[in-house]
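In what follows, a single structure is set out as structure tokens and then discussed.
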Amino acid sequence: MSSATPKPSPLGRGLSALLGDVDASYQPTTRSADPTAASRAGGLQRMPTAWLSSGAFQPRHLFNEEALQELAASIRERGILEPLLVRPKPHARDSYEIIAGERRWRAAQIAGVHDVPVLVRELTDREAMEFGIIENVQREDLSPIEEGEGYKRLIEEFGHTQDALAKIVGKSRPHITNMLRLLSLPEEIRQMIAEGSLTPGHARALVPTKNPLELAREVVKKGLNVRQTETLAKRNQENPEVHKKRAGAEANADVLALEKELERVIGLKIKIVNKGKAGTLTLHYTSLDQLDDIIKKLRA
């Protein structure tokens with residue numbers, strides 16, 4: 001067995017880990033003579049905006065039109081100073097998916113710029129989503145709801161635990177939990193948060209209440225601060241048993257993620273029942289051959 005120390009993942013360090021020193025030396029006027037050849041080599045190049053499309057794992061849904069116009073004006077004046085991160089679309093020539101930098105791409109089109117600097121990388125779906133969230137979180141470009149939805153997808157679709165996710169994006173575990181809790185609120189409240197009329201602090205106070213939407217409207221109408229909202233929420237707490245069940249469901253998110261991870265590794269349906277410090281782990285098999293494989297692995 002090799003004793004070499006594994007290289008640390010670049011994900012926790014964000015997009016700069018992929019770009020290295022490119023940002024400091026990149027010249028916006030440089031054009032690749034052969035974009036297709038450059039893309040095969042995975043190098044820095046300029047690429048037609050028409051070759052690019054929004055990423056399937058883009059966590060950001062809202063693009064402020066006024067901010068885009070301001071960025072477009074800056075691009076006309078100075079160009080794009082930081083390359084976009086893209087990956088090739090499978091089975092499609094001259095077609096690339098944006099992993100990080102969609103806002104720059106949109107602004108470039110407004111500015112009438114027909115090609116943009118890109119860095120091409122072969123990334124898995126999991127890496128694509130991680131980088132997309134990391135880049136936006138580091139730039140503080142995501143609304144709290146978009147951030148929470150991104151975390152939820154990483155947990156549900158790629159089996160991350162909240163602890164692992166916190167390390168990847170450079171946030172605390174309570175921060176991840178708080179962003180996820182916002183997703184349990186009614187759609188109208190989530191829209192208030194996205195628009196900025198309600199802060200995440202206000203919204204978190206409303207999560208355990210019986211009538212969060214009614215209270216949210218009251219908070220906005222009266223201009224209550226977070227402390228006043230917490231006081232209002234305490235007077236409108238929902239049934240303690242209902243809140244207890246909801247808290248339990250949130251606590252089980254890590255267990256569900258672990259089940260999915262083990263199912264991928266072992267190839268069998270897994271059920272974990274957590275009872276504090278103890279619990280049970282059940283493996284489900286559908287044939288005697290699968291049972292034999294389990295026994296062999298346990299005896300190994």
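Points worth noting:
- Taking each residue as 0.36 nm, the span from residue 76 to residue 94 lengthens on full extension beyond its C-alpha to C-alpha distance by 4.0 nm.
- For the range 88-171: rounded, prolate or oblate by the Cα gyration tensor [a/c cutoff 1.5]: oblate
- Converting phi to 3J(HN,Hα) with the Karplus coefficients 6.51, -1.76 and 1.60 and the offset θ = phi - 60°, the range 65-73 yields 5, 5, 5, 5, 5, 5, 5, 4, 5 Hz in sequence order, with x at every glycine or proline.
- Once the Cβ-Cβ distance of residue 269 and residue 163 is raised to the sixth power relative to R0 = 22 Å, the FRET efficiency obtained is 0.35.
- Counting charges near residue 285 (Lys, Arg +1; Asp, Glu -1) among other residues having Cβ under 13 Å from its Cβ returns a value of 0.
- Three-way shape label, the range 52-210, alpha-carbon gyration tensor, a/c 1.5: oblate
- Residues whose amide H falls under 5 Å from that of residue 115, counting only those 5 or more places apart or on a different chain, are 49, with hydrogens built in the peptide plane.
- The label-point distance for residue 278 and residue 295, in a model that sets each label 7 Å from Cα toward Cβ, rounds to 2.8 nm.
- Among the GluC sites (Glu not before Pro) in the range 100-192, those located in a DSSP loop and surrounded by at most 13 other Cβ atoms within 10 Å of their own Cβ are 122, 140.
- In this calculation the C-beta distance from residue 114 to residue 153 is compared with R0 = 35 Å, giving a FRET efficiency of 0.60.
- Look at the dipole of the range 91-212 built from charges on Cβ: of 200, 169, 111, the Cα furthest out on the positive end belongs to 200.
- Cross-link partners of residue 210 among lysines (Cα-Cα below 16 Å; sequence separation of 8 or more within a chain): 234, 244, 245
- For the range 143-251, the gyration tensor built on C-alpha atoms gives a prolate shape. Its axis ratio a/c (a ≥ b ≥ c) is at least 1.5, and a/b is the larger of a/b and b/c.
Any read-out appearing in this document is the output of simple, stated calculations on the displayed coordinates, not a laboratory observation. As the structure is a computational prediction, the values presented were derived from the model and not from experiment. Counting neighbours? That spans all protein chains shown, and the Cβs are built from the backbone with ideal geometry, glycine included.
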